[in-house]
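Okay, so here's the structure we're looking at.
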Amino acid sequence: MLMIRLARFGKKKMPSYRVVVTDKRRPRNGRLVEIVGTYNPLTKPAELRLDAARTKHWLSCGAQPSDTVRSFLRNQKIA
């Protein structure tokens, strides 16, 4: 099953995240299908960039968002 979730990257103590589409069984930063956005929690306010068209495409293909990504989608009024 495909999942839309966060993958962490960045330096130690300075997290930044990619919103990725990946297989649910893969590790957090393992092989991914596509990057559909970024999230930077260190800026005030936190910066979120999502490709709405690609996110809708993957949702229509059956990808399930994680709880955090689901809240992002609600705030962005994508799903």
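The values are calculated or read from the model by the stated rules, or taken from the named source; none is laboratory data. These numbers were taken from a predicted model, which means no experiment stands behind them. Reconstructed Cβ throughout: ideal geometry from the backbone, glycine too, with neighbour counts over all protein chains shown. When the accessible area is computed, the model is the full protein with side chains, heavy atoms only, and any ligands, DNA or RNA have been set aside. Shrake-Rupley method; radii C 1.70, N 1.55, O 1.52, S 1.80 Å.
How far is the Cα center of the stretch 1-28 from the Cα center of the stretch 44-62, in Å?
Here the answer is 14 Å between Cα centres.
If you take percent of Cα pairs over 17 Å apart from the coordinates, which of [x] 41; [y] 37; [z] 50 do you get?
Here the calculated entry is [x].
With a 1.4 Å probe and all protein chains left in place, how much accessible area per residue does the stretch 3-43 have, in Å²?
That works out to 65 Å² per residue.
From the helices alone, meaning DSSP H stretches of at least four residues, give me the mean residue ellipticity at 222 nm for the chain, per-run term -39500 (n - 2.57), in deg cm²/dmol to the nearest 500.
-7000 deg cm²/dmol
Just to confirm a number: summing +1 for Lys and Arg and -1 for Asp and Glu over residues other than residue 25 whose beta-carbon lies under 13 angstrom from that of residue 25, what do you get?
+4
What percent antiparallel are the DSSP beta bridges of the chain, to the nearest 5?
90
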